[in-house]
Amino acid sequence: VKSTLEPVRARIRQVPDFPTIGILFYDVSPVLRDPETFRDLISSMAGVWCDARVDLVVGIESRGFVFGAPVALEMNVGFVPIRKLGKLPGETVSVSYDLEYGSNVLEMQRDSIQPGQRVLIVDDVLATGGTMAASAAIVDQLGGETVGGSVVIELDALRGRQRLEQANVPLHSLFRY
Ligand code: AMP
């Protein structure tokens, strides 16, 4: 598995001072440009959870869509988006969480999860874990059971893994920095 993923790692670009001074941004766009590399990444992400009896993949706007939707197809389960406030029609449930400065609101459609469904949550990068923890909280509100969080990149120093442990959400990352 390791050797298959080396081309993925090679295509992850680190951009200093984006979007603001002092942030090292992990840009996954170059991975998407190469179908073989992209496909290997998706197979690895999906493969990790093949015995977890996942019913549904939830992707977090917006880079979580790029990875979550193909992971769902690979696992032969449905895909559901978690979006920023005001983007989804129909009845929704929302959760608000704190960012370093200010706060953010995430929303899901109320009928998107059936009670008891086993959910895998996908995003590109785990930093503080706030976004993933809020996503698990909203899945919980809808009666779903979060079986895990799956990300391409985990930023160790920000201790998102510990935060998710407290929320009882197992985490898998393909790469740790
Ligand atoms: P957090 O809630 O702190 O775990 O932040 C995770 C969310 O912010 C994810 O949706 C990421 O796409 C994005 N993000 C946070 N930090 C970075 C980073 N250094 N590079 C790329 N994306 C990031």
(message) Could you tell me the center-to-center distance, by alpha carbons, between the stretch 30-64 and the stretch 91-162 in angstrom?
(response) 16
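Looking at the stretch 78-136, what % of the alpha carbon pairs are farther apart than 20 Å? Please list the in-between numbers first.
On the way: 446 of 1711 pairs.
In whole percent, the share of Cα-Cα pairs in the stretch 78-136 beyond 20 Å is 26.
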(request) Evaluate the charge dipole of the chain about its Cα centre and quote only its size in Debye, nearest 20, assuming +1 on the Cβ of each Lys and Arg and -1 on the Cβ of each Asp and Glu. (result) 180
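Once you have the Kirkwood Rh of the chain from its Cα pairs, apply Stokes-Einstein at 20 °C and 1.002 mPa s and quote D in µm²/s. Each step should come with its number before you reach the end.
Working: Rh = 16.4 Å.
In µm²/s, the coefficient is 131.
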(request) Would you work out the relative contact order for the chain, in percent, from Cα pairs under 8 angstrom that are 6 or more residues apart? (result) 17
(message) Hydropathy at least 0.5 by Kyte-Doolittle, axial extent at least 15 angstrom from the Cα trace: which helices of the chain, defined as entire DSSP H runs, fit?
(response) 63-75, 130-141
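Peptides 70-79, 37-46: what's the order by average Cβ count within 10 Å, highest mean first?
Details: 70-79: 18.1, 37-46: 19.6.
Output ranking for 70-79, 37-46: 37-46, 70-79.
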(request) Compute log10 of I(q)/I(0) for the stretch 1-70 with the Debye formula, placing one identical point scatterer on every Cα and leaving out solvent, at q = 0.14, 0.19, 0.21, 0.23 Å⁻¹, to two decimals. (result) -0.52, -0.88, -1.00, -1.09
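For the chain, what does -39500 (n - 2.57) per DSSP helix run (n ≥ 4), summed and divided by total residues, give at 222 nm, in deg cm²/dmol to the nearest 500? The partial results should precede the final answer.
Values: 6 runs with 59 residues, N = 177.
-9500 deg cm²/dmol, from helical runs alone.
By per-residue mean of other Cβ atoms within 10 Å, what is the highest-first order of 143-152, 6-15? The partial results should precede the final answer.
Values: 143-152: 22.0, 6-15: 14.3.
Averaged packing, sorted descending, gives the order 143-152, 6-15.
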(message) Just to be sure I understand the curve: with the Debye formula and one point per C-alpha of the stretch 52-104, what is log10 I(q)/I(0) at q = 0.18 Å⁻¹?
(response) -0.69
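With every protein chain kept in the model, how would you rank 111, 123, 51, 156 by accessible area, 1.4 Å probe, largest at the top?
Working: 111 120, 123 20, 51 140, 156 65 Å².
So, going from the largest accessible area down, we get 51, 111, 156, 123.
Using a Förster distance of 45 angstrom, determine the FRET efficiency expected from the C-beta separation of residue 73 and residue 101, and round it to 0.05. Walk me through the numbers before you get to the answer.
On the way: r = 36 Å, r/R0 = 0.81.
That gives a FRET efficiency of 0.80.
The values are calculated or read from the model by the stated rules, or taken from the named source; none is laboratory data. Only a predicted model underlies this, so the values are computations on that prediction, with no experimental measurement involved. All Cβ positions, even for glycine, are placed from backbone atoms using ideal geometry, and neighbour counts span all protein chains on display. To get the accessible areas, we keep the full protein, side chains included, count just its heavy atoms, and leave off ligands, DNA and RNA. Shrake-Rupley method; radii C 1.70, N 1.55, O 1.52, S 1.80 Å.
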